[in-house]
Each structure stands twice: as structure tokens, then as C-alpha cells.
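Before any comments, here is the structure.
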Amino acid sequence: MRSEEGGKPDAAVVRDALGVGVAVGLSGFAFGVTSAGSGLTLLQTCALSLLVFTGASQFALVGALAAGGNPLTAAAGAFFLGVRNAFYGLRLSQLLALPRAVRPFAAQWVIDETTAVALAQPTRRSVRIGFTVTGLSLYLLWNLTTLLGAAGAEAIGDTDAWGLDAAGPAVFLALLAPMLKTTAERAVAGIAVLLGLGLLPVLPAGVPVLVAALAAPAVLYVTGRRGATTAADASAGVASEPPAGAVDKPPAGARNDVSGISGEDR
């Protein structure tokens, strides 16, 4: 398969996208079991995966219901957690540049994993391939494993012992880590982690993620202030230096070394 000049081979993009889709798609087992344990029916569980299709929000919803939370509160937490996908869409719309007729269908696949794979690609062709393969494989496998998990909840048992619920976050972090190349990017990631984990015990589900997003503008503000200060100091230093080629004028009344030579010295 061909690739654009300077881009990754199509086969490599497909391989990486399938790896993400399969790894994360298996965590649908955990969601199906958790959803069935929270009291949702098989039809309701499958409808969530088919129509909502954003794992973090789905787990937040069924987790709140399983803990005895109010359904409206649980839905609100899931909604707030899914707001981040709208910001993903703003960026991906520029990279994918899809026809208008296709955008509503592609919007269903705008999630953490498809965004991470798409942003890691160097060309538009590879972005489209990565997004499509990741979205398609993950959507199919997530819904299939959701069905199997909900139908065989009793047979599967405790999903924590399988570690399936950690597959999604682990893959996302593995994709994100190599993209943190600058000090500012690492600072944003570190502060976001501290905010998210620190506020998790005291705020409703979904809200800590939104608060953690404030790390980006905060770091950008500090970086911008430092840049402005450095530029101002540099400008002040340049202004204090004499222009290139300038010659100091002799003090007023100073004698000219040539014209002031006395007759005795000649």
C-alpha cells in the first residue's frame, strides 16, 4: 500500500490502528458486566454502546447507578465527561477535512483513541486511515464485547481480576506519552493529572476531568508571560547599546590632535 511523501506506510498506520482498536475494544467486556450488575437490561446496555460509544462516560453512568446514585446525577456526570469529545472534534475537523455529508457519521467515532491515533499521523492520508480503522475496529469490537459481557455477566465474574477495565486508559497513555515533547506539554500533562486525581474524591464524576483541562490555559498563560518578559528584556538591552558604526564625539572644546600641534613639535 502506498503512502504520501514523508508519511508512514499505509500498512503501518493500519497495524497501529488495529492494535489500539483491539486492545481497547476488549474492555467492552468489563462495561457489559458492570452495566448488567448495575441493573440495566441487555437491551439498555447494548443501546448505550451503540449510541453513546464513549467508554469513560458509559462507565461513569453505570458506576454511579451501581452505587445507588440518582439517574439524573449519573447522566449529568456522564455528559460532563463526554464534553471533551466536542473539543476533539474541533481539531479533527481540520485534520480530516471530510465532506459535509460524512461528518455526522464520523462524529460518532470522535473519542479518545481515534483522536490519539489521528494526531500521531504526519499526513492527511494517514490521519484519515488511522481515524477510520481505529473507529471501525473499536466500534465493532466494543459493541460485540458489550453484548457478550452483558449476556454472560455471571459466567465472567469479577472483571477487575481480568484487568480489562484498565486496557483503555493504558493504551491511551501509551499513545499520549511520546507526544509530550516540550516542557510546556509535560507541564500541562503533570498538572492535569494532579488536578484530576486530587479532585476525584470531592467532585462528581466527570467534573475533575473538566477542571483538569484548565491546566492547558494556565501553562500557556505562564509561558506567554515569560516570553513577553524575555522579549522586553532583550529589547531593552538592544536599545541601550550604541548603533552599529556609531563614533563617540569628542568632548566640547577638546583640541584636535593634528591642528593643535604646536610649531615647536613640527
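Given just the C-alpha atoms of segment 1-71, how large is their convex hull per residue in cubic angstrom? Intermediate values should be presented prior to the final figure.
Numbers: hull volume 7.7 nm³, N = 71.
It comes to 109 Å³ per residue, whole-number rounded.
Taking a probe of 1.4 Å, how large is the accessible area per residue of segment 49-159, in Å²? Spell out each step's value before the answer.
Numbers: 5460 Å² over 111 residues.
Normalised by residue count, the accessible surface of segment 49-159 is 49 Å².
Give the shape of segment 99-149 as rounded, prolate or oblate, defined through the alpha-carbon gyration tensor: a ≥ b ≥ c are the square roots of its eigenvalues, a/c under 1.5 means rounded, and otherwise the shape is prolate if a/b is larger than b/c and oblate if not. If you can, show how the numbers build up before the last one.
On the way: a/c = 2.70, a/b = 1.58, b/c = 1.71.
It is oblate, given that a/c is not under 1.5 and a/b is not larger than b/c.
Binning at 5 angstrom from zero up to the longest distance, how are the C-alpha pair distances of segment 9-159 distributed in percent?
Reading upward from the zero bin: 2, 10, 19, 19, 18, 14, 9, 6, 2, 0.
Carbon-plus-sulfur fraction of the accessible area of segment 78-136, 1.4 Å probe, in percent? Provide the component values of the computation, followed by the final result.
Values: 2060 of 3020 Å².
The value for segment 78-136 is 68 percent carbon and sulfur by accessible area.
Considering Cα pairs under 8 angstrom that are at least six residues apart, work out the relative contact order of segment 101-153 and quote it in whole percent.
Details: 24 pairs, mean separation 15.5, N = 53.
Worked out over segment 101-153, it gives 29 percent.
The values are calculated or read from the model by the stated rules, or taken from the named source; none is laboratory data. Just so it is clear, the model here is predicted, and its values are computed rather than measured. Note: accessible area is taken over every heavy atom of the protein model, side chains too, but ligands, DNA and RNA are not part of it. Shrake-Rupley method; radii C 1.70, N 1.55, O 1.52, S 1.80 Å.
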